[in-house]
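Everything below concerns the one structure shown next.
The values are calculated or read from the model by the stated rules, or taken from the named source; none is laboratory data. All values reported here derive from a predicted model rather than from experimental measurement. Here the Cβ is made from the backbone with ideal geometry for all residues, glycine too, and neighbour counts use every protein chain on show. In case anyone asks, the SASA skips ligands and DNA or RNA and just uses the protein heavy atoms, side chains included. Shrake-Rupley method; radii C 1.70, N 1.55, O 1.52, S 1.80 Å.
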Amino acid sequence: MVLGVAPEAAQCLFPCLTSLNAKDVLRRKHKRKSRQHQRFMARKALLQEQRLQSTPSELASSPPCMPSEAPQGAEAPSRGKQRPRAECRGAPCSRKPTPRESTGPLPSKYVAIDCEMVGTGPRGRVSELARCSVVSYHGDVLYDKYVRPEMPIVDYRTRWSGITQQHMRKAIPFQVAQKEILKLLKGKVVVGHALHNDFKALKYIHPRSQTRDTTCVPNLLSQPSLHTRTRVSLKDLALQLLHKKIQVGQHGHSSVEDATTAMELYRLVEVRWEQQEASRTWAHTEDKEPDSSTDMEQYMEDQYWPEDLGQGPSLGKGETQNQRV
């Protein structure tokens, strides 16, 4: 039995096996190149489709950047058929921000709220939350529930609130409603009419920079027909600016309707309002800069110095501190 065979003898003994291995290697190389070429052609077709879908103005203003390199193993297209590549000078190509992005947060960051209150306490003079509605930027209802006050109801105020004893049968406790509502308001810009009353009923304080109260916006109050009053009701604003009637009938107000109307009023002057808020925030930030002179005066007070250093050496008879220095 032969234990070892020379390479020449092996090639003579197994010529078929050697040829099969060579064919497998060539086949694998060809398959790998073909796959790379297919990926390159698919990417090229996708770029061409995106160019066809874009408008001519978009192509003229911001043409897309062509890929700098082709995949390995793929043939580069001829120079005569290749479109000129856009040069990104100074910064990489990026999408220009829309007006909505430049003026303020996204629409998903805006909500409008309205609350209806009932009377509790002595003679029903204490206002407590009985219904709360929250709508989105586009007017979709995010929250609308009846709330059971913490104290017994003395006056339902049905003429204005629209709340009756029957509504309290399906009401939820105030503590539960408060957690649900504050979860919706957290991190949002809250729109409403006389929001201080709503926040008081919720026992909550929202950041001033994230509130848009339609009772105070100058753009709405600058209308010729509304200049006689500093604060205008939501009903009058809706009639004068939106040409719609709200709070009609004898069934009281609807918190959903009031919240939706407040959001519509905000969207009417949104751009100018956000510009004013941005300038007011900038001015407020500049006013808060620390005064270095004030800090120095406070630092020179005796409370910031050690006692042994403050006492100093004893002065001689008739000798003043200035003479010692």
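See the values below:
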item: Selection status of VAL147, open to solvent by less than 50 Å² (accessible area, probe 1.4 Å), without any contact (Cβ under 8 Å) to a residue 60 or more places away in the chain, in contact with a helix residue (DSSP H, G or I) (Cβ under 7 Å, 6 or more places away or on another chain) and within 21 Å of LYS200 (Cα to Cα); result: yes
item: Those residues of the range 234-254 which are under 31 Å from the mean Cα position of the chain (by Cα), in a loop (DSSP other than H, G, I, E, B) and at pLDDT 90 or above, in sequence order; result: HIS243, LYS244, ILE246, SER254
item: Test result for ALA112, surrounded by 14 or more Cβ atoms within 10 Å (Cβ to Cβ), at pLDDT 85 or above and over 20 Å from THR214 (Cα atoms); result: no
item: Test: residue in the range 162-178 that is over 24 Å from ARG267 (Cα atoms), part of a strand (DSSP E or B) and either open to solvent by 60 Å² or more (accessible area, probe 1.4 Å) or not acidic (Asp, Glu) (or both); result: yes
item: Meets criteria (modelled with pLDDT of 75 or more, surrounded by 14 or more Cβ atoms within 10 Å (Cβ to Cβ) and in a helix (DSSP H, G or I)) for LEU265; result: yes
item: Pairs where the first residue, in the range 125-138, is more than 11 Å from MET151 (Cβ to Cβ) and the second is charged (D, E, K, R) and at pLDDT 95 or above, C-beta under 6 Å, 6+ apart; result: ALA130/GLU116; ARG131/GLU116; SER133/ASP114; SER133/ASP144
item: Residues of the range 183-219 that turn out to be in a helix (DSSP H, G or I) and under 11 Å from TYR266 (Cα atoms), as a count; result: 1
item: Any hit, the range 281-296, residues being part of a loop (DSSP other than H, G, I, E, B), at pLDDT 55 or above and under 21 Å from HIS196 (Cβ atoms); result: no
item: Filter result (over 20 Å from VAL248 (Cβ atoms) and within 26 Å of the chain's Cα centre (by Cα)) within the range 142-173; result: LEU142, TYR143, LYS145
